[in-house]
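**Q** Have a look at this one.
The values are calculated or read from the model by the stated rules, or taken from the named source; none is laboratory data. Quick caveat, the model's predicted, so the values are computed rather than measured. Glycine also receives a Cβ, built like all others from the backbone with ideal geometry; neighbour counts cover every protein chain displayed. Areas reflect the complete protein model, heavy atoms only, side chains present, ligands, DNA and RNA absent. Shrake-Rupley method; radii C 1.70, N 1.55, O 1.52, S 1.80 Å.
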Amino acid sequence: MMMQKYPPINSRYPHLLHGGDYNPEQWRDTPEIWDEDMRLMQLAHCNAMSIGIFSWVSLEPSEGVFNFEWMDRIMDKLAQNNANAVFATPSGARPAWMSQQYPEVLRVAPNRQRNLHGERHNHCYTSPVYRQKTRIINQKLAERYKDHPALLIWHISNEYGGECHCELCQEAFRSWLKEQFDHDLDKLNHEWWTGFWSHTYTDWSQIESPAPHGEMCLHGLTINWKRFITHQTLGFMKNEIAALKEITPDIPVTTNFMGTYPHLNYWKLAPAVDVISWDNYPSWHGNEPDWRLASRIGFVHDINRSLKGGKPFMMMESTPSMVNWQNINKFKRPGMHLLSSIQAIAHGSDTVQYFQWRKSRGSSEKFHGAVVDHCGHEHTRVFQDVSAVGRVLEQLDEIVGTTVRPEVAIIYDWENRWGIEELQGLRKDKRDYEFTCQRHYEAFWKKGVPVDVIDMDSDFSSYKLLIAPMLYMIRPGVAERMEQFVKEGGTLVATYWSGIVNEHDLCFLGGFPGPLRGILGIWSEEIDSLFDHDVNYVVPAGECQLKLKDQYEARIYCDLIHAEAANVLASYGSDFYAGRPALTVNPYGSGQAYYIAFRNDDDFLPDFYNSLISDLQIKRALEVELPEGMTAQVRSDGKGEYIFLMNFTVEEQQLDLGSAVLNDVVTGEQATGIIGLEGHGVKIYRQ
C-alpha cells in the first residue's frame, strides 16, 4: 500500500494540538480566573481546549431555557488568544431537572431496578426523550457556533459506556434480534443451543437481557446482548452527530474511546466519526518495568491508529502528573511526561491533551492531576513539564498527518474477547486474552517493528505476517480470507484455543481448530490447564529452521494436537504427552501457517518472532539492535521517515547507529555512530 500523508484534523489548523479539558463553568462566580487561564494557556503552549463536556445544566438550566452568554465569552477569549475549541456535546451527564421530569431517561440496571439521578452516563440510549433532548442541545450549539473562529472539532459526549435494561431496551433488543436471525426463532434457538436446560424460546417476547436473577449462562444470548449494546450506543451516537453535521458538515467529529474498554466494540463505532480519539492513563513506575507497560500502551495506541486504517488519531486525555482513581496514584518521574506524550505522537497521534486543565475545587476529581493546581499559578513542576511538551510539539509541524504502513498485524477482536471471558472452561483466572495479545505484540515493540492491531474482519492482504492469538471465535468469511492470505504468500501464526466456536458461540463439529484446521494442518484433541506450580518443557526438533534455544517452559495451557499436514518444529518434553507436537508449521500455497500449542515463558515469543522478522525480512523502524527498555517507532510522509527513539528505563542507554546519519528534528543536530539516550529520554530524528 502506498504511503500517504493525511490532512490535519482540521485543515485550517495544520499543527499538533496541545491542551486539556477546560471547565470554565465551574468558575463562573470568579470570572477573573478565565483571564488568568488564558494567560497560563499561552505560557503552557496550549492551543486546543476541550470545553462543554459536562456543561448541560449551565447551558440549559431549565427545560427549554438556554444560557449561552458565558460560553460565548469563553469562545471569544479562546479565539483572541490563538487557541481552539474541541467542543463537546454535553450528553455524558444530563441535568437533574431532566431526570425529575422524564424518569425514562434514567438507566435500569441488570437487576431491573431503575437508577436514581447521579454519576455520569446514567441514561438510556434507547429513550426517545433523551435522544430528542440531546438532538435539541446539539442543534443549538451548532447553530450558535458554526461560524466561530475558535470551533475546531466536535467532541461527541464523553467516554460512552454502560447499558440499560429498561422495557424500551428490551423491545429494541428483540427487534434487533429479529433482524439478525431473519425473523426465524428456530434459527435463533439452534444457534444459541437453547435445548440445553430446556431454555427453548417459543415466542420472541420471552427473550430478555442477561440478569443476575435470571439468565446468565446462555452464551449466545450474552454475546448478542453485548453486540446489541454496541449497536444501540452507535445509534445514539449517530443521532448526536446528525444534529451537528446538518449544520456544520465541514467540522470533524470525534468521541473519546477508552483503550481496550471491554464493553463496546470500537470497530463498530469507528466508521461514524471523522477522527479516532482515546483516553490514556497508564500507571507508570509501578510493579512492572516501565518498558513493559510502555509496550502495552503502544499496543493500544496502535489499535487507535488502525481503527481508521492508519489515519492519525487524537490522545484526547492523559494526565500531566497523576490521577486520583488508581489504587496507587503515583507522580510521573522526571522526563516521563515528555516521554509518554511523545510516545503517543510516535504511534500516530496528532495531539497531546489532558484531563484536566485546572483542578476542580470540589467533588470526586478535586485531587486528579491537572496542568494548573489549586495554587493557581505556573510555578509548579507539573506546569513546567507541560510547557516543555508544548515547546517540543511546536517544532513538529512536519509530522502532522504522517503515518506508518506496517508489514505485521495482530488480531485483537472485541467479540472474541467477549466469548473467551464468558465461557466456562480453561482456567477462570488465567484466560488473559488481552494480555496474551499484548505479549505477542511486545516482541515486535522490543525490535522496533511497527504493528497494526486489527480485528478479524479487517483486510489482511497488505501484511507479510498475520498473528491471531487465541482466536476462539471465527466469524463467517474469516477462515476463507486467512486461507487466501496464506495461499498468496502470507505467514499466519495461530495459537492454542483457536477455531472453537462460530459467531454465536456454538462449537464447531468435526475437530478443532474448526475452519482453520486445513490451513494449520493440525487437529487439536484437547487442552490441558495447569496449576501455577506446574511446568512442562518444549524442545525444538533437530530439523527446526527457526533460531530457537534448546528448551522453553510451557505454563498454564498445553494444547494436545496431532500434526496432520503440518511439520513438527518442537515437542513437549514431559508429562504423559511428552513427544507430542507443541509447535508446527504448515506450508500452504505460497505461504505458511504456524501453530503455537502452549502458553510460554518470556523467552519463547521474542526468539520465535525474531526469527520470523529475519526470515521474512520485515522492516524495522531502525535497523540496529535496541537495548532492553528502548524502542524505536516510525512515521512517514512518503518521502522520508521520522524515527522516535524512546528509553523507558531510568538508566542512560547507548546504541550504535553504525553508518546511519539521522537529523534531530528538535535540535537540528546530526547523530551517527554510538549515541546515548538518558533515562526516560526521547529523541525524534528524520531519516
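**Q** Once the principal axes of the Cα atoms of the range 243-336 are found, what is the range along each, listed largest first in whole angstroms?
**A** 48, 27, 22
**Q** Would you mind telling me the share, in percent, of accessible area of the chain contributed by carbon and sulfur at probe 1.4 angstrom? Show your work: numbers first, answer last.
**A** On the way: 13020 of 26390 Å².
Carbon-and-sulfur percentage of accessible area, whole number: 49.
**Q** Rounded, prolate or oblate: pick one for the range 437-502, where a ≥ b ≥ c are the square roots of the eigenvalues of its C-alpha gyration tensor, a/c under 1.5 means rounded, and failing that, prolate if a/b is larger than b/c, else oblate.
**A** Working: a/c = 2.07, a/b = 1.31, b/c = 1.58.
It is oblate, given that a/c is not under 1.5 and a/b is not larger than b/c.
**Q** Still on this structure, please answer the following. Calculate, for residue 435 and residue 615, the FRET efficiency according to 1/(1 + (r/R0)^6) with r their C-beta to C-beta distance and R0 25 Å; round to the nearest 0.05. Don't jump to the answer; show the numbers that get you there.
**A** Working: r = 27 Å, r/R0 = 1.07.
Taking R0 as 25 Å, the efficiency between residue 435 and residue 615 is 0.40.
**Q** What residues from the range 253-293 fall in the zone where the backbone N is under 17 Å from a label point 7 Å along the Cα-to-C-beta line of residue 650?
**A** 283-293
**Q** Report the calculated FRET efficiency for residue 197 and residue 545 (r = Cβ-Cβ distance, R0 = 41 Å), to the nearest 0.05. If you can, show how the numbers build up before the last one.
**A** Values: r = 50 Å, r/R0 = 1.22.
Computed FRET efficiency for residue 197 and residue 545 comes out at 0.25.
**Q** For labels at residue 659 and residue 12 in the simple 7 Å Cα→Cβ model, what's the distance in nm?
**A** Here the answer is 5.1 nm between the modelled labels.
**Q** Sort 289-296, 155-162 by the packing proxy (mean of other Cβ within 10 Å over each peptide's residues), most packed first. Don't skip to the end; give the middle numbers.
**A** Working: 289-296: 19.6, 155-162: 21.8.
Output ranking for 289-296, 155-162: 155-162, 289-296.
**Q** Between [x] 179; [y] 165; [z] 297, which matches volume of the Cα convex hull per residue in Å³ calculated for the structure shown?
**A** [y]
**Q** Sort out for me the Cα centre separation of the range 82-145 from the range 567-611, rounded to whole Å.
**A** Using only Cα atoms to place each centre, the spacing works out to 52 Å.
**Q** Please work out how much length the chain gains when fully extended from residue 66 to residue 326, using 0.36 nm per residue of separation minus the C-alpha to C-alpha distance, in nm with one decimal.
**A** Details: separation 260, 0.36 × 260 = 93.60 nm, distance 3.71 nm.
Using 0.36 nm per residue and subtracting the Cα-Cα distance, I get 89.9 nm.
**Q** While we're looking at this one, here's another question. Separation of the range 170-249 and the range 647-668 by C-alpha centroid, Å?
**A** 53
**Q** May I pose another question? Putting +1 on Lys and Arg Cβ atoms and -1 on Asp and Glu Cβ atoms, find which of 89, 670, 632 reaches farthest to the positive end of the dipole of the chain.
**A** Checked the options; the winner is 89.
**Q** Using only the Cα atoms of the range 1-69, build the gyration tensor, take square roots of its eigenvalues as a ≥ b ≥ c, and label the shape rounded, prolate or oblate: rounded if a/c is under 1.5, else prolate if a/b is larger than b/c, else oblate. If you can, show how the numbers build up before the last one.
**A** On the way: a/c = 3.78, a/b = 1.65, b/c = 2.28.
Oblate.
**Q** Still on this structure, I have one more. Give me log10 I(q)/I(0) at q = 0.13, 0.16 Å⁻¹ for the range 558-664, Debye formula, one equal scatterer per alpha-carbon, no solvent.
**A** Log10 I(q)/I(0), no solvent term: -0.72, -0.88.
**Q** Note down the magnitude of the dipole of the range 272-414 about its Cα centre, charges +1 on Lys and Arg C-beta and -1 on Asp and Glu C-beta and zero elsewhere, to the nearest 20 debye. Let's see the in-between values first.
**A** On the way: 15 positive and 16 negative charges, 87 e Å.
Charge dipole of the range 272-414: 420 debye, to the nearest 20.
**Q** Right, something else. Would you please give the FRET efficiency between residue 624 and residue 120, computed as 1/(1 + (r/R0)^6) with r the Cβ-Cβ distance and R0 = 60 Å, to the nearest 0.05? Mind dumping the intermediate values first?
**A** Details: r = 47 Å, r/R0 = 0.78.
Given R0 = 60 Å and the Cβ-Cβ separation, E is 0.80.
**Q** What number, in percent, do you get for the relative contact order of the chain if the mean sequence gap of Cα pairs under 8 Å and at least 6 apart is divided by its residue count? Mind showing how you got there, number by number?
**A** On the way: 1414 pairs, mean separation 81.0, N = 687.
It comes to 12 percent, rounded to a whole number.
**Q** Also, quick follow-up: At 1.4 Å probe size, put 382, 65 in order of accessible surface, largest to smallest.
**A** On the way: 382 25, 65 75 Å².
The most accessible residue leads, giving 65, 382.
**Q** Restricting the count to DSSP beta bridges whose residues both fall in the chain, what percent are antiparallel, rounded to a multiple of 5?
**A** 55
**Q** Which whole-number percentage describes the relative contact order of the range 125-226, with Cα contacts under 8 Å and a sequence gap of 6 or more? Each step should come with its number before you reach the end.
**A** Working: 47 pairs, mean separation 21.3, N = 102.
It rounds to 21 percent for the range 125-226.
**Q** Ranked highest first by the average count of other Cβ atoms within 10 Å around their residues, in what order do 571-577, 234-240 fall? Could the numbers behind the result be given before it?
**A** On the way: 571-577: 16.9, 234-240: 18.9.
Per-residue Cβ counts within 10 Å, averaged per peptide and sorted highest first, yield 234-240, 571-577.
**Q** Express in nm, to one decimal, how much length is gained between residue 250 and residue 526 on full extension, taking 0.36 nm for each residue of separation and deducting their alpha carbon distance. The partial results should precede the final answer.
**A** On the way: separation 276, 0.36 × 276 = 99.36 nm, distance 5.53 nm.
So the extension gain works out to 93.8 nm.
**Q** Another question, then. What residues of the range 214-252 lie in the reach of a label at residue 112, counting those whose backbone N is under 14 Å from a point 7 Å from the Cα along Cα→Cβ?
**A** 214-216
**Q** Another question about this same structure. Rolling a 1.4 Å sphere over the protein heavy atoms, what is the accessible area per residue of the chain, to the nearest Å²? Working shown, then result.
**A** Values: 26390 Å² over 687 residues.
Here the per-residue accessible area is 38 Å².
**Q** Suppose only helical runs count, i.e. DSSP H with n ≥ 4. What mean residue ellipticity at 222 nm does that imply for the chain under -39500 (n - 2.57) per run, divided by all residues and rounded to the nearest 500 deg cm²/dmol?
**A** On the way: 17 runs with 196 residues, N = 687.
Mean residue ellipticity, 222 nm, calculated: -9000 deg cm²/dmol.
**Q** A further question follows. Quick one: which of 307-316, 343-352, 594-603, 454-463 comes out on top by average Cβ neighbours within 10 Å, and what's the full order, highest first?
**A** On the way: 307-316: 23.4, 343-352: 26.6, 594-603: 21.2, 454-463: 18.4.
Ranking, from highest mean packing down: 343-352, 307-316, 594-603, 454-463.
**Q** Relative to the present Cα-Cα distance, how much length would full extension add between residue 363 and residue 687 at 0.36 nm per residue of separation?
**A** Extending this stretch completely gives an extra 111.8 nm.
**Q** Going down the table (330/549; 308/446; 547/619), which pairs top 27 Å between alpha carbons? Kindly include the intermediate steps, with their values, before the conclusion.
**A** Numbers: 330/549 39 Å; 308/446 25 Å; 547/619 19 Å.
Distance filter (> 27 Å) returns 330/549.
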